[in-house]
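Notes follow once the structure below has been shown.
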Amino acid sequence: MQKKEITYDQAKSKIEALCSQRELCGKEVRDRLQRWGLPLEEHDKLVKHLIEERYVDEKRFALFFAKDKHALSHWGKSKITFELRNRHISAEIIEEAISQIPEEGYEEQLEEMLRKKLKSIKSGTPYDICGKLIRFGLSRGYESGLVIKTAKKIINSDYDTSDYGDEMDNY
């Protein structure tokens, strides 16, 4: 069954309403237009209109995205950067959005998240537990050096690691 194509005016009304409700970037708009069946030759024209009318603003999108993902989803800078790149946001805008994430409390947020994760880890040697914490922190998009330092700090404060000295130095 072939998908029914949407007209330019229908797509314009629909996407303007959507952009009025939430921030979208150009890539997300194009993806939706394609899913709706709007002919490809109409995409550029409609995106240009949305940008001119300020329905779509990549910088505004990136700033809100970075702020929300860090504050609400507890994502680190690396994951936010990756996701913004996937949405074809320029490097300059990404850099500005990432710089808006406050340094104050950033490490503490990671430590709190890793301590919470530690409670769900059932068993293992301090070395194994540290590895699990590191993998978890990296999956949340925090920088590797910061994750390793924080995981070691937690393990060293909560466990007797004297028997694992050489192993723990591997992290």
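Worth a mention:
- Sites matching trypsin sites (Lys or Arg not before Pro) across region 11-120 that sit in DSSP coil, with at most 15 neighbouring C-beta atoms within 10 Å: Arg22, Arg54
- Neighbourhood charge, 11 Å Cβ-Cβ cut-off, centred on Glu107 and excluding it, Lys, Arg +1 and Asp, Glu -1: -4
- Among Leu72, Leu133, Leu50, residue whose mean-square fluctuation peaks in a GNM of the chain (springs only between Cα atoms under 10 Å): Leu72
- Kirkwood Rh, angstrom, region 1-98 [1 / mean 1/r, Cα pairs]: 14.3 Å
- Cα gyration tensor of region 96-151 - equivalent ellipsoid semi-axes, whole Å, descending: 24, 11, 8
- Helical mean residue ellipticity (222 nm; -39500 (n - 2.57) per DSSP H run of 4+; nearest 500) of the chain: -21500 deg cm²/dmol
- Choice from Asp57, Asp68, Asp44 showing the highest fluctuation, given a GNM over the chain with Cα pairs closer than 10 Å: Asp44
- Cα centroid separation - region 45-82 against region 98-149, whole Å: 25 Å
- Residue among Ile94, Ile154, Ile121 with the largest mean-square fluctuation in a Gaussian network model of the chain, springs linking Cα atoms under 10 Å: Ile121
- Taking a quarter of the surface of the Cα convex hull of the chain gives a mean projected area of 13.7 nm².
- Convex hull volume of the Cα atoms of region 58-99, normalised per residue: 54 Å³.
- Taking all Cα pairs closer than 8 Å and separated by 6 or more residues, the relative contact order of the chain comes to 19 percent.
- Likely footprinting exposure, Cys130, Cys25, fewest C-beta neighbours within 10 Å first: Cys25, Cys130
Just so you know, all these numbers are worked out from the coordinates, no wet-lab data involved. Since the structure is predicted, the reported quantities are computational estimates derived from the model, not experimental observations. No Cβ is skipped: glycine too gets one built from the backbone with ideal geometry, and neighbour counts run over all protein chains shown.
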